Each structure stands twice: as C-alpha cells, then as structure tokens.
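J.: Sending over a structure as structure tokens; questions will come in a sec.
The values are calculated or read from the model by the stated rules, or taken from the named source; none is laboratory data. No experiment lies behind these values; they were computed from the predicted model shown. Neighbour counts are summed over all protein chains in view; Cβ atoms, including those assigned to glycine, are modelled from backbone coordinates with ideal geometry. All accessible areas refer to the heavy atoms of the entire protein, side chains included, with ligands and DNA or RNA removed. Shrake-Rupley method; radii C 1.70, N 1.55, O 1.52, S 1.80 Å.
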Amino acid sequence: MAERTASDVVVERLTEWGVDRVFGYSGDGIDGVLGALRRAGKPAFVQARHEETAAFMAVGHAKYTGGVGVCLATQGPGAVHLLNGLYDAKLDSKPVVAIVGQQASTVLGSAYQQEIDLVRLFGDVCAQFVQAAHTPEQVPMLLDRAFRTALATRSPTCVVLPHDVQTAPAPDPATRQHGVIVTSPGLRPARVVPHDADVRAAAELLSAGERVAILVGQGAYGAAAEIAELAGRLGAGVVASLLGKPVLDETLPFHTGVMGHLGTTASAELMDGCDTLLLVGTNDPWTEFYPKPGQARAVQIDIDGRRLGVRYPVEVPLLGDAAETLRALLEVVRPRDNSAWRTRVEDWVRRWHEIGEARAAAPAEPVNPQHVVRALSGRLPTDAQVSVDVGSVVYWYARHLRLPPGVPAHLSSTLASMGSALPYGLAAKLARPDRPVVALAGDGAMQMNGLAELVTVASRWRDWADPRFVVCVLNNRDLAEVSWEQREMEGEPRFVTSQQLPDVPYAQWAELLGLRGLRVSTSDDVGAAWETALAADRPVVIDAVVDPAIPLLPPKRPFEMVKGMYTGLDAEPGEMARRALAHLRRERADEGYDDPPL
Ligand SMILES: Cc1ncc(C[n+]2csc(CCOP(=O)(O)OP(=O)(O)O)c2C)c(N)n1
Ligand SMILES: [Mg+2]
C-alpha cells in the first residue's frame, strides 16, 4: 500500500467536516489533493468549466444548504480565477473554504512559472483566515482553522498547499511533542439572545410607534412565523431586502415586497411613511430608500455585531439570532390596535399589485420581460429552487415573482456579480437532485458564464432524480441594466458600442448539448413555454426574446431623480429609444407622476 500523504489527511478532514462535494478545476499544482480524492472516492469532485464558477458553486452550496461550500483550484491562474466567487461569499457573508495548490516550497521566491504570492493574493478576500502550509504537520490544523473560521465569521477562508507538502508523508495524529499541534474538527453553533433589559427596551420602543415597519433580510430566514406574529401585534407593515425576499410569504396583505431601487412602490411608501423601523438580519444598501434619518426610531437585530447601526441610525442595536430574538420580543410585546396604519399599508400593497400587473401586461417588442417573470408565478413548483443572475432580471424577480412559501431563491446580492445564476443553480441541484431548479439570467450573464456552465448541466442531468433544470434567458441583446444606468445616473445616451450584445441562439445551443431549447418571441407563448419546460424530461433553456426598452424605474422618485432617463433617451436616435420614452411616461403615470416635457 502506498504511503498516506498529507493530501489524504486533507481529504479525510473534509469528510469529517461533513463535506459531500468539492467544486473545482484541476491543475498540476493541486494534483496531490486530486489524487487523494481519487483514492478516497469522497467527497465527490464537481468539475466546473472555470474556477470562478467553481467558487460561485461553493457559495451557492453554502446559500442553499446552510453548510460550508468548498472550492479547489491549482496555483497561479486557477487561484486568480477563484477570486470573484470568494468575494461573493465575503460580501454576502457565507462560509466557504478554498483549497489552493502552490508550486513546491523549494522554488518559492524564484519568480518561478505560475508562482504568485497566494497568501497576499487572498489576503483581502480571505482576511479572516488564509495560511500556506510549510509542513505536513500543519495541514490538519490549518483545515480545522479554515472551517471553523469560515463558520464562526460567515466568510471565505483559504488554505494554500505547496506541492511538496501535499505529497509529504501524513503526519502522526497521536504525536505529543513541543512545536506540534494536534487539533480536531467540529463546531456547534450557539443560541445567541440579547439580555432581557435590552429586549424590553426594544419592545418599548416598538410599542410606542404609531406607524411601524419591519425590514427583513436574509438573516431572518427561518423566522417567518415570528415576523408575521410580531407584525400582527404591532399592526406593522413588512418590507424585504432583496436577499430577504424568500423569508416571508409575499402574498400576505401587509407585505409590501422588496425595497430599494429595484423594489416596489408599496415598500417606498412604507419606508417614507413609518415612524418606527425594526431591521432584522439585513444589510440592505439602498440607504436613500430608508426613512430619512430622524424620521423613524429604530431597533436592529443582527447576529453580527459589526453590522449594527451601519445602514440607519439605531436606538436599540440588539446582537442576536433573528428567530431567537424575535421570540424573546414576542414574550413582552403586547397586541395593540394600529388598524389605521395597517389599512394604509394594505392599500399601498393592493395598489402595487395593480401596478405590477398592468406593467407586465404592457405590449412590448416583442415580449415584455416583466411578463416572462410574472408568468412564472403560480407555475413555480412548490419544491423548486430558484437562482437569479445580475442584470435587469433582478428587478423583475424582485417585483414580479411570487415564491411559494419555502422555495429558496439566491443571487449574488452584495457583490452583484454577473454569471452567478448557472453555478448557483447547479449547486442547488447537486445538493437536492430531487427538486426542480429554475435559473433566471440575462443574455450578458449567459454569455459571460452561463453558456459554459450549460455544458456542466448537459454532462450531469442524467444522474438527477428530477431532471428539471430550467434556464430562462432574457434575451434583449443589451446590457440593459447598465444602459439604463447610463441614462438615469449620467443623463447620457446609451453607448451602443459598450452596451449592444451579439445575438446568440440560446435555444439551439441547448439542443446542440442534448437539452431542450424553446425560443419565445410572442407574449402568448410565454405561459406555455414555462409549462413545457417545467414538465420536461430534461433541462430546458427558454430563450425569451424580450424588449430592452422597458425602464428600470426606481419607485416613487421625484422627477429630478429620474430626469436623466428622459435626457439620456432624448439624445438617443432610433425606434427603441422612442419606445422606451413611452414606457417610461406610462410607468411614471401609474405611480401618479405627470412628468413635464423636457
Ligand atoms: C462581473 C460583472 N461585470 C459587470 C457588471 C456590471 N453590470 C451590472 S448589470 C450588467 C448588465 C447585465 O446584462 P444582461 O445579463 O444582458 O442583463 P440585462 O440587464 O440586459 O437584462 C452589467 C454589465 C457586473 N455587475 N458584474
Ligand atoms: Mg441583456
């Protein structure tokens, strides 16, 4: 039998930490660990098309399963490719461990081929823990520290393994000597609840409010019942951050939907009108959509003390687990009559639903993207898992997709990186092959990473208990979100050269790969396409040919703040800009604005 190496220890340690699969890409710099994975037969190795998507898969794994995502790459270029996915984990606070190869210790410092100072490279993104092993004795200890730190700090960590360390004989786990440390895996999380006096202070503040709003973020996952109960007692309206959208059933009459630039008119009204704000597990960046500082007294709950008070001035900052802290609050908050405020909130919500329906029904060239996403509501299986890419699709997801309670939906929110929907969807599918996946992406995101990762889908779907994996491409031949930003923020016309995208036959690409492809270019076919795709015997790509002229209109903004959209469009030649102007005026009118002519 071959001698056990430090890499065998790495692989055993992964299993001891509960890791079922490792997402990565090979290279000679990490061959020692790959060999150990081959010998052990577990964890499973998932080959991505690119180290960036492997890292996104690891983040997706952490998001859908709640566990630690693990990615693996070779030295030099492979390591560099991981960065974007690791930043996604850092910015959305997810535990990910990166295992990265390195040239042999004997050449480090010689400017060798593929030699990059990896500890320095990962020093920012893995600031909580990055360490290169110099000896095999360090290896189990470094893995234990990487996992524990990732879990304890909800962030990415990295272990760098030079080639000679990977292939060195495994250290003796029972050694007892000066200068050698023997460690163990495992971490059991704690209940984190604030002190009683602080809970009482929060309850008093909330109970004194006349017009209470509760903003829920991803930290409130699993606390839906507590939020609904508290909202009921306080007569509060509930609003979600983008990441908090799946937390609470959006069909509740007091749920105003997602907040912010991409949010609903109802959530803008709620934030503008409240006098009291409870923030639960959220870091939502759209500060201009929060109440004006001074307008609302605020309580915040977060499991990470560093997050308290950094988005809105807070009187009672509570460090605690969302569900546990809400339960403690429910012990002391008494029911009260706040029906006048509740009625106003419910009116805003009803009005928003009318606006959303009308906007999605507006005729477009050829198909309105809002209609495509809205048509998925009601058709989404109750056991689905949803992933969403970055681009205008996030607006339509936030505003128009009704998620059945319990359906998880994830996206790269804080980093907002394009190219994440396919790797996220794959991670969701591999974790739960018995559940259908729906991935929503723009054509730019598809061209960036999605087309390549469809190859991964094509190579794996036959192994899945439920082969349904629906990718919907909003094909608008435009980097539309940025085109609208060029107009709104700069007041400039869309720069065609930077914004226009090649027209790619997405459905045919799917067919070439042995999947199904459906091209949809009329509104009437949208519903049937979703139904066909969700009943198919294999993964399906829906190529939805949609209009780039639908504005990404922020809700309830004074004319001055959207004036740039008019100025930009006015400076653009062509039929698309005229159409966009008409859509813009119509959508502004449905919010009650009568914008002056330019
Ligand atoms: C990796 C990365 N590069 C650039 C951007 C800037 N950006 C944000 S949205 C967007 C356009 C996305 O285009 P597409 O996927 O076609 O979606 P659309 O907005 O057209 O629906 C761009 C370029 C980004 N967020 N991430
Ligand atoms: Mg596009």
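J.: Being over 14 Å from Asp389 (Cβ atoms), in contact with a Gly (Cβ under 7 Å, 6 or more places away or on another chain) and either away from ligand 2 (no atom under 13 Å from the Cβ) or in a strand (DSSP E or B) (or both) is the requirement here; does Ala465 meet it?
T.: So Ala465 fails the test.
J.: Another question about this same structure. Can you list residue pairs whose Cβ atoms sit under 7 Å apart, with the first residue in the stretch 536-552 being open to solvent by 10 Å² or more (accessible area, probe 1.4 Å) and the second being assigned to a loop (DSSP other than H, G, I, E, B) and within 12 Å of ligand 1 (Cβ to nearest atom)? Count only pairs 6 or more apart in sequence or on different chains.
T.: Taking only residues 6 or more apart or on different chains, the pairs are Pro548/Asn476; Pro548/Arg477.
J.: Okay, moving on. Can you tell me which residue is nearest to Ala577 (Cα to Cα) among those in the stretch 461-483 that are open to solvent by less than 50 Å² (accessible area, probe 1.4 Å) and over 22 Å from the mean Cα position of the chain (by Cα)?
T.: Ser483
J.: Give the residue that is surrounded by the most Cβ atoms within 10 Å (Cβ to Cβ), with candidates limited to residues of the stretch 402-460 that are in a loop (DSSP other than H, G, I, E, B) and hydroxyl-bearing (Ser, Thr, Tyr).
T.: Only one residue fits best here, namely Ser420.
J.: Take the residues in the stretch 227-246 that are touching a strand residue (DSSP E or B) at 6+ places or on another chain (Cβ under 6 Å) and part of a loop (DSSP other than H, G, I, E, B); name whichever of them is surrounded by the fewest Cβ atoms within 10 Å (Cβ to Cβ).
T.: Pro246
J.: Sticking with this structure for a sec: Given the condition part of a helix (DSSP H, G or I), at negative phi and within 16 Å of ligand 2 (Cβ to nearest atom), answer yes or no: does some residue in the stretch 355-369 qualify?
T.: yes
J.: Residue by residue through the stretch 249-283, note down the ones that are closer than 23 Å to Gln370 by Cβ and open to solvent by 10 Å² or more (accessible area, probe 1.4 Å).
T.: Asp249, Glu250, Thr251, Leu252, Pro253, His261, Leu262, Glu269
J.: Could you look through the stretch 89-114, keep only residues that are in a loop (DSSP other than H, G, I, E, B) and in contact with a Lys or Arg (Cβ under 9 Å, 6 or more places away or on another chain), and pick out the one that is nearest to Phe45 (Cα to Cα)?
T.: Out of the qualifying residues, it is Pro95.
J.: Oh, and also: Considering the stretch 174-226 alone, what residues qualify as being in contact with a Lys or Arg (Cβ under 8 Å, 6 or more places away or on another chain), assigned to a helix (DSSP H, G or I) and not charged (D, E, K, R)?
T.: Leu205, Ser207, Ala208
J.: Just to be sure I understand, how many residues within the stretch 368-394 are within 16 Å of ligand 1 (Cβ to nearest atom) and open to solvent by 10 Å² or more (accessible area, probe 1.4 Å)?
T.: Residues that pass the stated criteria total 6.
J.: Same structure, new question: Would you mind stating whether Val316 is modelled with pLDDT of 95 or more and surrounded by 23 or more Cβ atoms within 10 Å (Cβ to Cβ)?
T.: So Val316 does not fit the description; no.
J.: A further question on this structure: I need a count of the residues in the stretch 247-271 that are charged (D, E, K, R) and either touching a helix residue (DSSP H, G or I) at 6+ places or on another chain (Cβ under 9 Å) or in a strand (DSSP E or B) (or both).
T.: Qualifying residue count, the stretch 247-271: 2.
J.: Only one of (1) away from ligand 2 (no atom under 16 Å from the Cβ); (2) touching a Leu at 6+ places or on another chain (Cβ under 9 Å); (3) over 30 Å from Ser459 (Cβ atoms) fails for Val540. Which number is that?
T.: So Val540 meets the others, but not (3).
J.: Would a scan of the stretch 92-111 turn up a residue that is acidic (Asp, Glu) and open to solvent by 10 Å² or more (accessible area, probe 1.4 Å)?
T.: No, there is no match, as no residue in the stretch 92-111 is acidic (Asp, Glu) and open to solvent by 10 Å² or more (accessible area, probe 1.4 Å).
J.: Of everything in the stretch 488-530, what is away from ligand 2 (no atom under 15 Å from the Cβ), out of contact with any Asp or Glu (no Cβ under 6 Å at 6 or more places or on another chain) and under 29 Å from Thr567 (Cβ atoms)? Give them in sequence order.
T.: Within the stretch 488-530, Glu488, Met489, Glu490, Gly491, Glu492, Thr497 meet the criteria.
J.: Could you grab me the full set of residues in the stretch 45-76 that are surrounded by fewer than 23 Cβ atoms within 10 Å (Cβ to Cβ), more than 20 Å from Ser7 (Cα to Cα) and free of Cβ contacts under 8 Å to residues at least 40 places away in the same chain?
T.: Gly66
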